[in-house]
Amino acid sequence: MLFSPDQDKQSRGASPTVEPMKIVHVLRKYNPREWGGIESHLHELSKYLLSEGHQVVLYAPKLRGAARRQDDPLQSLGVTVRRYPAFLPATGVNREGRENLYRQGGNLFSLTLAPRLLAEPNVSVIHSHALNRIGGIARLAAKLKSVPFVVSIHGGYTDLAPEIAASMTARHHGGKDWGKPLGWLVGSRHVVDAAQRVFVFNRVEQQRLAGTLGRKQVTLLPHAARNIDAPRNAEAVLQRDFPQLSGHPYILCVSRIHEAKQQHLLVSAFAGLAAKDPKLKLVLVGSAPDRQYAGQLTHAIEARALTHRVLLTGNLPNHGEQLAALYRKAGVFVLPSRHEPLGIVILEAWAAGLPVVATRTSGALELIQHGETGLLTDQNATAITAAVRRLLSDSALRTRIITQARRYVDTHHSRSAMGKQYLESLQPLIANA
């Protein structure tokens, strides 16, 4: 039987009795200034683990100008963050392409990660959130230390649209990857099948992986929705930091600016809404790791003469008052993604009391019951426009969706439910190590 939130009755009961553990997480990237779904997941999971008396250590590549401890939400919680040098074993890739590959998709390698993991004392489990070479190094270190090795798949392993993968590859083509022998040395092709537990976050990947790995090896783990504690003076925060929103209703989208997130589709949908409501605005929050797409998005906004109606805030601190205030005062949250395996921002929007419109992706389909907890749409501007207009004009529907969504979050996506199931999944692995 597959593990799932619905089947895990114990996750809603008392905390399991677990000896204090040291859990080591391995990432291929962690930049607090480019916060996303993986970081949000780790934040909520770490918060629970630390509250239960466990140690949490995170290994991630070194950054230029790494964030100060007080600016790093994970370090502020009490997570120990260790940085290791990593590099991209490729030639013929220009500087911009190399930077993009470091941010996303690049198959990095490290000569020092394995020795550092081997030197880490009293490790209970190594948990890789990276596949490929970095994941292979984590797998090898766990094997040499004789500790359990588990993996989280944060999307893209079985459900990444071929056209997105092809686009990402084409953007940096022309370079020569000389790192394949390095990957072979660390078993980079066997990261998932060598894991004793594979955590997934939507049923699409759960079903596909269960068919190849075995049903007991795959665990569907519920994400936790963090509480969005809006400042009491949310209006004053917006007036101070985003005065252009004063007196204007607005639609909110929080997601990194990337072609897979399709903000251009939302801009097209918004053009139809803006023509009917001269006061309505659109707010796009998120870092822009894909500079080429960010440029195309800016051009699309300018071409529709929407420069003064669309606000691009850039990245905002995930736990800061600016983002909380934007959530608090928005009218509708829209997620127009083409590929969205996690959908954590849907949970955050619900926790903030916002109704959600989302395109049909594996993450959105996992969370939203159409017409009850949100509205699902096809991936076209006309459908998005109609769904948003429906929520803005039908107050009864809006109220029902907000109420049902909040109830769903509280029941199925609490931090304790996620944390308890996570620990219960690790217990037998550690006991048998």
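The values are calculated or read from the model by the stated rules, or taken from the named source; none is laboratory data. Model, not experiment: these values are computed from the prediction. For neighbour counting, all protein chains shown are included, and Cβ atoms are generated from backbone atoms with ideal geometry for every residue, glycine included.
When each of GLN262, GLN296, GLN244, GLN239 is tested for being of a type in the set (S, T, N, Q), within 20 Å of GLU340 (Cβ to Cβ), assigned by TED's automatic domain parsing to the domain that holds GLY343 and surrounded by fewer than 17 Cβ atoms within 10 Å (Cβ to Cβ), the lone residue that passes is GLN296. Considering ALA325, ALA386, ALA358, ALA352, the condition of being within 21 Å of ALA269 (Cβ to Cβ) and buried (at least 21 other Cβ atoms within 10 Å of the Cβ) is satisfied by ALA358 alone. If you go through segment 283-298 and keep only what is of a type in the set (Val, Ile, Thr) and either part of a helix (DSSP H, G or I) or free of Cβ contacts under 8 Å to residues at least 12 places away in the same chain (or both), you end up with just THR298. The residue that is modelled with the lowest pLDDT, counting only those in segment 87-97 that are over 17 Å from ILE134 (Cα atoms) and surrounded by fewer than 18 Cβ atoms within 10 Å (Cβ to Cβ), is GLU96. Note on segment 218-251: among residues that are of a type in the set (Ser, Thr, Tyr) and in a strand (DSSP E or B), the one that is nearest to VAL198 (Cα to Cα) is THR219. Scanning segment 299-308 for residues that are surrounded by 13 or more Cβ atoms within 10 Å (Cβ to Cβ) and part of a loop (DSSP other than H, G, I, E, B) yields ARG304, LEU306.
Entry remark, segment 401-432: residues being within 21 Å of the chain's Cα centre (by Cα), assigned to a helix (DSSP H, G or I) and closer than 23 Å to THR359 by Cβ number 5 in total.
From the list LYS62, LYS47, the lone residue that is crowded, with 19+ Cβ neighbours inside 10 Å and basic (Lys, Arg) is LYS47. Looking across segment 309-347, just one residue is outside any loop (DSSP other than H, G, I, E, B), touching a strand residue (DSSP E or B) at 6+ places or on another chain (Cβ under 9 Å) and among the charged types (D, E, K, R), and that is LYS329. Can you tell me which residues in segment 34-68 are at pLDDT 95 or above and part of a loop (DSSP other than H, G, I, E, B)? Answer for segment 34-68, where residues must be at pLDDT 95 or above and part of a loop (DSSP other than H, G, I, E, B): GLU52, GLY53, HIS54. For segment 259-282, a tally of residues being assigned to a loop (DSSP other than H, G, I, E, B) and either of a type in the set (Asp, Glu) or touching a Ser or Thr at 6+ places or on another chain (Cβ under 9 Å) (or both) returns 5. Condition first: more than 21 Å from LEU282 (Cβ to Cβ) and assigned to a loop (DSSP other than H, G, I, E, B). Now tell me which residues in segment 369-400 satisfy that. Within segment 369-400, GLN369, GLY371, GLU372, THR373 meet the criteria. The residues on offer are LEU376, LEU365, and the sole one that is free of Cβ contacts under 8 Å to residues at least 24 places away in the same chain, over 30 Å from PRO231 (Cβ atoms) and not hydroxyl-bearing (Ser, Thr, Tyr) is LEU376.
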